[in-house]
Amino acid sequence: MRRANRWAALAAGMIATATVGAGAAEAQPAPARPTAIECAAAFGEVATLPAIDYGTRFVRAVERGGKFGTQCFGSGQLTSMLFTEGATGGVWTQTGAEAGWGELHISYVRGAGETLDVTVLLGGRPGSGWGAVTEARVGGIRGPVSSYAATLVAAWNRGDRASAARLAESSVVAALWAHGNPGKDWRVDTLTARRGFTVVSISSRSGERAELLINAAAVAREHGQAVKAVAFG
C-alpha cells in the first residue's frame, strides 16, 4: 500500500509538471467519466450491486469495446489502458476472486496465457456507485506501454545503457545498472493501471521482482524517457 501511495504521489507530480511546463495540450488529462444520470439510464442502479457482478459488468464492457460502459464502471484511465493494450474482444473467463482490504480482486483469462485482474470496491463506492473498479492489471498482452517497458528491459539485459537512457529517466537507468550490469534475464510480467498511475511489473529468471512507473501519456505521444521510477523487491 505504501508503494502504491508513493507511485500516486510521483504520478501526481508528473501531471503537475506536464501542465506547468508543457501547457494544457501536452498534459492530456484522462477522458471524463459519463455522469451518474447517463450511466444509470444505460445500466440501471448499481449502488448495492454485489462486487462480483459489478466487476463482471465492467469486463463484459471491455469485451464489447464499449468505452461508455468501462468509464461508468471504472475510469477514463483504465479504459485507455485496456483499449490501447489490446484487452478488448474475445471472451474473458473468470478464474477466481479474493476479498481483502475493502476490495474484491477478480481474475480472468483469455486464450492462451492472457490474464486480466480487476479490483472492485466492496463498500464506500463513490457517488451513486459508479467508478468502483479502481484497478486493472493485464498480463500476456503486448500493447504500446508494455512493449515500451519490454524495450527498456531488453536494453538493460544486453547492457545497452545508451538505448536505456532514451527510454527512462537518468535516475532509473542508474538504479537498474547499480542493481545489475547488465540485467540478468529480466522480463515484463504485467501492466497495472490504477487511478493516478501506470506500473509495469518485471521479474528475473532467478525470481527477483521490480516495478517501473511509466508515464503512459508520454508513450502515446512518442516522447522519450517515459519510465519515471523503479522500485525493487
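The values are calculated or read from the model by the stated rules, or taken from the named source; none is laboratory data. Since this is a predicted model, take the numbers as computed values, not measurements. Positions of Cβ are backbone-derived with ideal geometry, glycine not excepted, and every protein chain shown enters the neighbour counts. To get the accessible areas, we keep the full protein, side chains included, count just its heavy atoms, and leave off ligands, DNA and RNA. Shrake-Rupley method; radii C 1.70, N 1.55, O 1.52, S 1.80 Å.
Roughly speaking, what is the stretch gain from Trp101 to Ala178, that is 0.36 nm per residue apart minus the C-alpha to C-alpha distance, in nm to one decimal? All intermediate terms of the calculation are to be shown ahead of the outcome.
Working: separation 77, 0.36 × 77 = 27.72 nm, distance 3.48 nm.
Separation in residues times 0.36 nm, less the Cα-Cα distance, equals 24.2 nm.
Could you check how much of the accessible area of region 145-233 is carbon and sulfur, as a whole percent, using a 1.4 Å probe? Let's see the in-between values first.
Details: 1810 of 3850 Å².
After summing per-atom areas, the C and S share lands at 47 percent.
What nm distance separates the two modelled labels at Leu122 and Phe83, each placed 7 Å from Cα along Cα→Cβ?
Modelled inter-label distance: 3.2 nm.
Within the chain, which whole H helices from DSSP have a Cα span along their axis of at least 27 Å and a mean Kyte-Doolittle hydropathy of -0.5 or more, if any? Mind dumping the intermediate values first?
Details: long enough: 2-22 (29 Å, 0.41).
Those that clear 27 Å and a mean of -0.5 are 2-22.
Which stretch or stretches of region 143-168 have amide N atoms under 20 Å from the point lying 7 Å from Ala112's Cα along the Cα→Cβ direction?
143
Let's test the formula: R0 of 41 Å, r as the Cβ-Cβ distance of Ile52 and Ser163. What FRET efficiency results, to the nearest 0.05?
Numbers: r = 44 Å, r/R0 = 1.08.
It comes to 0.40.
Once you keep just the Cα pairs under 8 angstrom separated by 6 or more residues, what percentage relative contact order results for region 30-124?
Numbers: 126 pairs, mean separation 23.4, N = 95.
The value is 25 percent.
At a Förster radius of 30 Å, what calculated FRET efficiency corresponds to the Cβ-Cβ distance of Glu63 and Arg221, to the nearest 0.05? Kindly include the intermediate steps, with their values, before the conclusion.
Details: r = 28 Å, r/R0 = 0.94.
After rounding to 0.05, the efficiency reads 0.60.
Would you calculate a helix-derived [θ] at 222 nm for the chain, using -39,500 (n - 2.57) for each DSSP H run of n ≥ 4 and dividing by the full residue count, to the nearest 500? Mind showing how you got there, number by number?
Working: 10 runs with 100 residues, N = 233.
Helix-only estimate at 222 nm: -12500 deg cm²/dmol.
Which of Ala149, Ala178, Ala136 ends up with the largest GNM mean-square fluctuation for the chain, with Cα atoms connected below 10 Å?
Ala178
Taking 10 °C and 1.306 mPa s as the conditions, I'd like the Stokes-Einstein D for the chain in µm²/s, using the Kirkwood hydrodynamic radius from alpha carbon pairs. It would help to have the intermediate numbers written out before the result.
Details: Rh = 18.4 Å.
Taking Rh from Cα pairs, D becomes 86 µm²/s.
Would you mind calculating the relative contact order of the chain from Cα pairs under 8 angstrom and at least 6 residues apart, reporting the percent as a whole number?
It comes to 16 percent, rounded to a whole number.
In whole Å, largest first, what are the principal axis extents of the Cα atoms in region 157-197?
33, 21, 16
In the Gaussian network model of the chain, springs joining C-alpha atoms below 10 Å, which of Gly55, Gly183, Gly111 carries the largest mean-square fluctuation?
Gly111
To the nearest 20 debye, what is the magnitude of the charge dipole of region 93-233 about its Cα centre, counting +1 on the Cβ of each Lys and Arg and -1 on the Cβ of each Asp and Glu? Present the calculation step by step, with values, prior to reporting the outcome.
Numbers: 15 positive and 12 negative charges, 55 e Å.
Roughly 260 debye for region 93-233.
If each residue of separation counts as 0.36 nm, what is the full-extension length gain between Ser170 and Ile37 once their alpha-carbon separation is subtracted? Could you put the intermediate results ahead of the total?
Values: separation 133, 0.36 × 133 = 47.88 nm, distance 4.62 nm.
So the chain would gain 43.3 nm between Ser170 and Ile37.
Counting only heavy atoms of the protein chains, get the accessible area per residue of region 142-195 (1.4 Å probe) and round it to a whole Å² value.
Numbers: 2460 Å² over 54 residues.
Per residue, region 142-195 has 46 Å² of solvent-accessible surface.
In µm²/s, what is D for region 95-233 at 20 °C and 1.002 mPa s, where D = kT/(6 pi eta Rh) by Stokes-Einstein and Rh is the Kirkwood radius from Cα pairs?
Details: Rh = 16.1 Å.
Rounded to a whole number, D works out at 133 µm²/s.
For a Förster distance of 25 Å, can you work out the FRET efficiency between the beta-carbons of Phe232 and Thr151, rounded to the nearest 0.05?
On the way: r = 20 Å, r/R0 = 0.79.
Result of the calculation: an efficiency of 0.80.
Suppose every K and R has +1 on its Cβ and every D and E has -1 on its Cβ; what is the size of the dipole of region 39-172 about the Cα centre, in Debye to the nearest 20? Provide the component values of the computation, followed by the final result.
Values: 11 positive and 11 negative charges, 74 e Å.
It comes to approximately 360 debye.
Report the charge-dipole magnitude of region 157-225 in Debye, nearest 20, computed about the Cα centre from +1 at each Lys and Arg Cβ and -1 at each Asp and Glu Cβ. Write out the running numbers ahead of the final one.
Numbers: 10 positive and 7 negative charges, 13 e Å.
With Lys and Arg at +1 and Asp and Glu at -1, about 60 debye.
Give the shape of region 156-233 as rounded, prolate or oblate, defined through the alpha-carbon gyration tensor: a ≥ b ≥ c are the square roots of its eigenvalues, a/c under 1.5 means rounded, and otherwise the shape is prolate if a/b is larger than b/c and oblate if not.
Numbers: a/c = 2.00, a/b = 1.23, b/c = 1.63.
Oblate, because a/c is 1.5 or more while a/b does not exceed b/c.
Does region 75-118 come out rounded, prolate or oblate, given a ≥ b ≥ c as the square roots of the eigenvalues of its C-alpha gyration tensor, rounded meaning a/c under 1.5 and, failing that, prolate meaning a/b above b/c? Walk me through the numbers before you get to the answer.
Working: a/c = 3.03, a/b = 1.21, b/c = 2.50.
Judged from the Cα gyration tensor, region 75-118 comes out oblate (a/c at least 1.5, b/c at or above a/b).
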